[in-house]
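Here's the structure we're looking at; comments come further down.
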Amino acid sequence: MSKNEWIPLQAHIVSCASVVGHREHEGPIGQCFDMFDPTDRFGQKTWERAESEMQRRALNLALKKGGLREDDLQAIFAGDLLNQCVGAAYGLMDFPAPYFGLYGACSTAAEGLILSGICATHRVYGLCAAVASSHYCSAERQYRTPVEYGGQRTPTAQWTVTGAGAYLVASGRGEVELVAAMPGKVVEKGITDTSNMGAAMAPAALDTLVRFFRATGREPQSFDLIATGDLGYEGISILGDLLYAEGFDVGDRLNDCGMMIYQRKTQDTHAGGSGCGCSASVMAGYLYPKLKSGEIREMLLIGTGAMMSPDSIKQGQAIPAVAHLVHFRHGIGEGEK
């Protein structure tokens, strides 16, 4: 395979579900999510257990919405922001299917969809689940400072979304189809500011998008939406400028899941949302229904992840990033098959 070659897929989303916290429910698309908890705890004693519970509930909801059982699952691709992906491992350990733990930071949902799509296309597994989550309090505890500390956030900082999304992917055609994928490469441009992950991730998004456009011959104008997840207000501005410099005018088609989920002026989330659960929940709760209805005919989701760790931050290393692209299309309904 050429290093610039895209991956054609013949798969579709059978069903999906989203679970979020109170701040996400209070945002401009809050009514689109399947479930929320006003306490952000989901009946658990710790934030980490709450995140695991979000994944469990999201996958159960996706199965219920698809009229499927746990035994129908043949593989699970899942991840989160926590060390060793414990959110996914504990949350999904009771499902009777092979489990593949993923770490792609905020790109994890797109990564899981790509792997599920590949396995479904080639009938390695009949039904795959792609699950991703993040929790504001568990992420703050691991990456920054205790929430109780009340540290000031810079204008470029993003707010980690408390949310989870789960997708069930199978081969063949359906109402929302996975048409193609362009896996991302690790890109690092010397950004060391952990409060400006948008700037660190924008070059990775540029690399993946340019490779996709040039490999497929498609232009930005042929898509109704090009959604990143999650560059925020800072990163999306940088990406737009970089694309224009490369000769691609995306116009008003470019948007970001971290910008969609919060009301910037009233919710004090600075540069927008981030975290594995951001694009996972926004795609499942808000964008998937638009694809299913045909309001969106074709779109690209570019999951962007800052591949840093607490130790790499302490050691002063620059932030590497990756961006995985999934091409979605409004497909055929049940009666048309």
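Considering 169, 187, the condition of being under 26 Å from residue 237 (Cα atoms), touching a strand residue (DSSP E or B) at 6+ places or on another chain (Cβ under 7 Å) and modelled with pLDDT of 95 or more is satisfied by 187 alone.
For the stretch 217-242: of the residues being of a type in the set (S, T, N, Q) and crowded, with 16+ Cβ neighbours inside 10 Å, which is farthest from residue 328 (Cα to Cα)? Can you show your working first?
Restricting attention to the stretch 217-242, the residues satisfying the condition of being of a type in the set (S, T, N, Q) are 221-222, 228, 237.
After this cut, where a residue has to be crowded, with 16+ Cβ neighbours inside 10 Å as well, the list is 228, 237.
Values: 228: 13, 237: 23 Å.
Selected residue: 237.
For the stretch 291-307, a tally of residues being surrounded by 14 or more Cβ atoms within 10 Å (Cβ to Cβ) and either more than 17 Å from the chain's Cα centre (by Cα) or in the same structural domain as residue 80 (by TED's automatic domain parsing) (or both) returns 4. Checking the structure you have, find out if any residue of the stretch 263-274 is buried (at least 24 other Cβ atoms within 10 Å of the Cβ) and at pLDDT 90 or above. Yes, the stretch 263-274 has at least one match. Taking the stretch 271-337 as the region of interest, none of the helices (runs of 4 or more DSSP H) fully inside it holds 2 or more residues being among the charged types (D, E, K, R) and at positive phi. Here the helices (runs of 4 or more DSSP H) wholly within the stretch 23-131 that include at least 1 residues being touching a Lys or Arg at 6+ places or on another chain (Cβ under 7 Å) are 47-65, 86-92. Taking the conditions exactly as written (touching a residue at least 40 places away in the same chain (Cβ under 8 Å) and in contact with a Leu (Cβ under 7 Å, 6 or more places away or on another chain)), does residue 197 satisfy them or not? When the stated conditions are applied, residue 197 does not pass them.
The values are calculated or read from the model by the stated rules, or taken from the named source; none is laboratory data. Every value quoted in this text rests on a predicted model; they were computed, and no experiment measured them. Cβ sites come from the backbone with ideal geometry, for glycine too, and all protein chains shown count toward neighbours.
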